[in-house]
Amino acid sequence: MIGTPYLVALLHGDGTGLEIAREARRVLGLVAEKTRAKFQVDEIPCGGQYFLDHGRDWPADAEERCRSADVMLLGAV
């Protein structure tokens, strides 16, 4: 799969999830730098604040976006 990026669904949540997601992105950057792996990150908003703002846990297309991803990273919700 060299040359083709891995699709990463990043669900950062809120609170400490934002910090966790930031560090996860940093780790992906280091892996990409040290190897030939490539990553395409799809940030999907979710969490308590998203629910308060939108009346739902995450965007309507989030489940399909997660299904399409090669890997999902969950911060904290």
Which members of the stretch 28-76 meet the condition of being within 10 Å of the chain's Cα centre (by Cα), among the acidic types (Asp, Glu) and assigned to a helix (DSSP H, G or I)?
-> none
Which residues, taken from the stretch 32-77, are β-branched (Val, Ile, Thr) and open to solvent by 60 Å² or more (accessible area, probe 1.4 Å)?
-> Thr35, Val71, Val77
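The values are calculated or read from the model by the stated rules, or taken from the named source; none is laboratory data. All values derive from a computational prediction rather than experimental measurement. Keep in mind that these areas ignore ligands, DNA and RNA; they rest on the heavy atoms of the full protein, side chains included. Shrake-Rupley method; radii C 1.70, N 1.55, O 1.52, S 1.80 Å.
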